[in-house]
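Working notes, structure below.
The values are calculated or read from the model by the stated rules, or taken from the named source; none is laboratory data. Treat the numbers as computed from the prediction; the structure is a model and nothing was measured. Every residue, glycine as well, gets a Cβ built from its backbone with ideal geometry; the counts of neighbours run over all protein chains shown.
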């Protein structure tokens with residue numbers, strides 16, 4: 001039986017409009033990206049690959065024990081690039097250059113740095129046991145977005161969705177169905193559809209975690225430094 005090859009991938013573009021160099025900012029004495037690499041090491045995956053377009057990040061990744069054998073092409077590294085792009089590029093690069101076929105990607109985003117590797121491992125076991133194609137971590141939102149509203153150009157508020165109304169903003173939190181927020185703790189993908197239009201298949205399994213703090217802005221980074 002063919003051995004399934006499980007690879008942790010850490011996506012880390014060099015460019016960031018919200019927070020400059022966010023993937024390598026220091027946190028607890030280490031660059032942000034190192035925390036994802038360390039968690040992956042503890043899980044014992046077949047490979048830990050950093051997909052980046054930055055030579056600086058590439059050097060930091062290798063120094064911290066990950067593989068970073070390529071620089072991601074610009075067409076897969078822009079502000080409008082999707083997760084699909086770096087998955088496909090990495091998979092096809094290793095297959096062509098190294099004759100190494102990746103069967104499962106475990107996606108660990110640097111912007112969610114504080115993880116328990118045991119949670120990642122548990123998510124992987126659930127992924128394999130349920131024979132899933134795509135698993136994404138999320139936590140329950142503290143408040144339903146149906147209590148929010150948009151602002152019209154004339155200054156008045158309007159409902160956020162077609163099936164909501166302004167009166168719903170006064171409902172109690174408990175009146176709403178729970179809403180889950182994807183949080184970047186761990187995403188897991190089977191590569192069986194990797195070169196198809198929809199690489200994730202038709203279903204996404206929600207893996208529920210505790211509330212997680214992500215870093216997208218300076219305020220996020222400052223807050224996480226205070227609590228870590």
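Some observations on this one:
- Test for residue 95: is it assigned to a helix (DSSP H, G or I) and farther than 19 Å from residue 128 by Cα: yes
- Members of region 209-228 that are surrounded by fewer than 12 Cβ atoms within 10 Å (Cβ to Cβ) and touching a residue at least 40 places away in the same chain (Cβ under 8 Å): 210, 211, 228
- Counted residues, region 22-59 - those being in a strand (DSSP E or B) and in contact (Cβ under 8 Å) with a residue 40 or more places away in the chain: 7
- Residues in region 99-146 that are under 16 Å from residue 9 (Cα atoms) and more than 17 Å from the chain's Cα centre (by Cα): 100, 101, 102, 103.
- Selection of region 148-195 for residues being surrounded by fewer than 17 Cβ atoms within 10 Å (Cβ to Cβ) and assigned to a helix (DSSP H, G or I) yields 166, 167, 169, 170, 173, 174, 175.
- Selection within region 197-215 - modelled with pLDDT under 90 and farther than 21 Å from residue 8 by Cα: 197, 202, 203
- Boolean, residue 219 is over 15 Å from residue 114 (Cβ atoms) and within 20 Å of the chain's Cα centre (by Cα): yes
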